[in-house]
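Here the structure comes first, spelled out in C-alpha cells, and everything after it is commentary.
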Amino acid sequence: MLSRTIGRYLSWPINRLAALLAPTGVPPNCITWVALGLNLWAGILFAQGRFAAAGGVMILAGLCDLLDGPVARIQNRVSIFGGFLDSIFDRYADLILFLGLLVYYASVNRFGYAFLAGAAMAGAVMVSYAKARAASLVPNEDVGFWDRPERLALMILGALANRMPPVLWILAIGPNITVIHRIVHTWKQTKEVAPVPKPVAASTPVPSPLEANLSHGAQRASPQFFSRTAGRGR
C-alpha cells in the first residue's frame, strides 16, 4: 500500500518536525482544522482552474494531515475524538476538492469531465465508508488499493502536471472497483461467521419493537466503532 510506503520514507522528517512543533503547545485539533482550511483553499483554486497552485496547497494540507497524529502523541493528547474529527474532516476535504473540479469543468462546459469528477467524488466517499462499515462487522483487513493516500498522491501529480482528465478517469473507476471488492470481501466474511441466537430466559421480559430498535442503534454507535475506524487515534 502507498500509505505504508509514505509512512516509511516520511516518518523520520515528520517526527522531527512534530518534535519542533509540539513544544509550542499548538493543539493537534488545531492542525487538523488548518488542514481542512488548506483543502478548502485548494478546492477554490481547482474551481478557478488554477490546478498547479491547487496541487501545491494540497501538499501543505497533506503535511498538516501527517503532523497532527505525531504532535498529539508527543503532547500526550491522544484521544478517540481526535481520530474521529480527523476522519470527518478527511471526508469533507475529499468532497471539497472534487467539488472544486466539478465546478470548474461545469463552468467551461466540459460536462463529461464534470460527471467524472462527480463519480470520483462518490468513489472517494464510499471507499472510506465501506472500509469503516466493514471494520464494524468483520476483522479489519486492508482490501483494495485506492485508499486516501493513493487518491491524494494521484490528484497532486495530476494537478502539478496540469493533466487532470486522465486522473479523473482513474479516480472515477478505481475507487469504485475497490468498493465492490470490499463488498464482496465482507459478504464472504459474514457468510463464514453465522450469528448464534441467544436463548431468552422465561423470566426475561421481551422488549418491544421500539426498545429493540433503540438498543440496536446504541450498539452500532458504540465507541468501539470509532476507535477501530478513526483515521488518527488521538
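The values are calculated or read from the model by the stated rules, or taken from the named source; none is laboratory data. Worth saying up front: this structure is predicted, and the values here are computed from it rather than measured. For neighbour counting, all protein chains shown are included, and Cβ atoms are generated from backbone atoms with ideal geometry for every residue, glycine included. With ligands, DNA and RNA removed, areas are computed over all heavy atoms of the protein, side chains included. Shrake-Rupley method; radii C 1.70, N 1.55, O 1.52, S 1.80 Å.
Structure notes:
- Residue selected from segment 16-60 under the condition open to solvent by 60 Å² or more (accessible area, probe 1.4 Å), over 22 Å from the mean Cα position of the chain (by Cα) and of a type outside the set (S, T, Y), by the criterion nearest to R151 (Cα to Cα): R50
- Looking across segment 86-114, just one residue is part of a helix (DSSP H, G or I) and of a type in the set (K, R), and that is R91.
- Residue identified as at pLDDT 90 or above and aliphatic (A, V, I, L, M) among A202, A122, A135, A130: A122
- The set of residues in segment 63-80 being within 15 Å of the chain's Cα centre (by Cα) and among the hydrophobic types (A, V, I, L, M, F, W, C) consists of C64, L66.
- Filter pass, V78 being in contact with a helix residue (DSSP H, G or I) (Cβ under 7 Å, 6 or more places away or on another chain) and either open to solvent by 60 Å² or more (accessible area, probe 1.4 Å) or among the acidic types (D, E) (or both): yes
- A117 vs. criteria open to solvent by 20 Å² or more (accessible area, probe 1.4 Å), of a type outside the set (V, I, T), assigned to a helix (DSSP H, G or I) and closer than 17 Å to M164 by Cβ: no
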